[in-house]
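Report on the following structure.
The values are calculated or read from the model by the stated rules, or taken from the named source; none is laboratory data. The structure displayed is predicted, hence computed values, not measured ones. Note: ideal-geometry Cβ built from the backbone for every residue, glycine included; neighbour counts use all protein chains shown.
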Amino acid sequence: MTQYALVCLLLGAMAWGQAASLPSAPPAQPQGAPASPTGNPADSKEADAAKVAPDAPVITINGLCDNPPADKTADPNCKTVITRAEFEKVLDTVQPNMPPRARRQLATRYAMALVMAQKAHEMGLDQGPKFDERMKLMRMQVLSQSYNQAVQEKAAQISDKDIEDYYHSNSAAFEEANLQRILVPRSQTLPTSKVKLSAAAEEKRRKDAEGTMQKEADKLHARAVAGEDFGKLQEEATQLSGSKAKAPSTKMADVRRSSLPPTQASVMDLKSGEVSAVIADPSGYYIYKVGTKETEPLDKVKEEIRGTLRTQRMQEQTQAVQQSATPTLDESYFGPDMPPQHGMPLPPPTGGPSSKPPSPGPK
């Protein structure tokens, strides 16, 4: 296979390798076909593929010569043979764990890329400044993708000690509590005025209604501290707002600090049995009561911490690279500055391989 064919294939296939891994409905198993041990036809295909020898031909392209004669004479027996080992090198470059159906699509695409690359070479399309510039851009894209992959692999190297240190340093983040909550809407649903009011009068009417609800929130808070049932208090708050909807549930189970809005996260600092102050929010007034509290064990959150550390490290590395060099653009040519769009890929060169993935088949 030629060097030009491989370059053409990779640039066209890398973009769709991930799309090909999207879950899709498994193909129907032919009647009478032997069932796989797991009952999944894909497992049976994997098992059959594993029996093929590494040096066995898996793709044969009749009419394409590995080494075409210099005089360009047609050879009726001309063919290109690709072994399993050779094809799996391509798989490892595009997507190592590609499912069987997608591998067949890649094989077809790969074979046609080899044919077109050879024809382009015969036409001299791999010569000249335009081709060289395209190759330069494509090389930048491949290097950028390789760098991102290296960063991801390095970020994934997380030791048990890293996880334990993070857990002990952020133990409050893994504390869970059972809460009760009362939501007092900020405003009332007011009946339509019988007379037309001025804008100023409407605004005063609205503010008066908000003031009424704030006072009611304070009253409900005092009753909550006194030990009244939160469900009953929530029903009163809903009725006071003029809403005809059913009162929301007051119970919240297994709540973490991170699952609460930032303005309400301080609730997790309260002890069991304590009632929070009235917390004002654009949507209304909140009153919490803390029930049982416990910190999740390390074993239960280990994988969660691993994912958090991996994401943090990737973000830190990405920010370091972005801050290491800052481009300055001529506004008279490019126009005014726009918000940055990090991670935006380079556009494919005109006439280059399409980045649009082939259809992975019916889902």
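Numerical summary
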item: Qualifying residue in region 279-287 (condition: farther than 19 Å from GLU176 by Cα, assigned to a loop (DSSP other than H, G, I, E, B) and out of contact with any Ser or Thr (no Cβ under 8 Å at 6 or more places or on another chain)); result: yes
item: Which numbered condition LEU220 misses (of (1) at negative phi; (2) surrounded by fewer than 16 Cβ atoms within 10 Å (Cβ to Cβ)); result: (2)
item: Residues within region 163-177 that are assigned to a helix (DSSP H, G or I) and crowded, with 16+ Cβ neighbours inside 10 Å, tallied; result: 5
item: Region 79-99, subset part of a loop (DSSP other than H, G, I, E, B) and surrounded by 16 or more Cβ atoms within 10 Å (Cβ to Cβ), residue modelled with the lowest pLDDT; result: GLN95
item: Close pairs from region 206-231: first under 17 Å from GLY242 (Cα atoms) and in the same structural domain as ALA277 (by TED's automatic domain parsing), partner surrounded by 13 or more Cβ atoms within 10 Å (Cβ to Cβ) and of a type in the set (Val, Ile, Thr), Cβ under 7 Å, at least 6 apart; result: MET213/VAL184; GLU216/VAL184; ALA217/VAL184; ALA217/VAL278; LEU220/ILE182; LEU220/VAL184; LEU220/ILE287
item: Sole exception among (1) of a type in the set (Lys, Arg); (2) crowded, with 16+ Cβ neighbours inside 10 Å; (3) outside the structural domain of ASP281 (by TED's automatic domain parsing) for ARG186, by number; result: (3)
item: Test result for LEU309, closer than 15 Å to GLU176 by Cβ and modelled with pLDDT of 95 or more; result: no
item: Single unsatisfied condition, THR263 versus (1) over 30 Å from THR295 (Cα atoms); (2) loosely packed, with under 13 Cβ neighbours inside 10 Å; result: (1)
item: Cross-chain or 6+ apart pairs with Cβ under 7 Å, region 235-246 first and outside the structural domain of VAL184 (by TED's automatic domain parsing), then in a loop (DSSP other than H, G, I, E, B); result: none
item: For THR263: the one exception among (1) modelled with pLDDT under 95; (2) part of a strand (DSSP E or B); result: (2)
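Okay, residues lined up against (1) at pLDDT below 95; (2) of a type outside the set (Val, Ile, Thr); (3) more than 30 Å from ALA253 (Cβ to Cβ); (4) part of a helix (DSSP H, G or I):
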residue: ASN148; (1), (2), (3), (4): yes, yes, yes, yes
residue: LYS161; (1), (2), (3), (4): no, yes, yes, yes
residue: LEU183; (1), (2), (3), (4): no, yes, no, no
residue: LEU190; (1), (2), (3), (4): yes, yes, yes, no
residue: ARG205; (1), (2), (3), (4): yes, yes, yes, yes
residue: GLU210; (1), (2), (3), (4): yes, yes, yes, yes
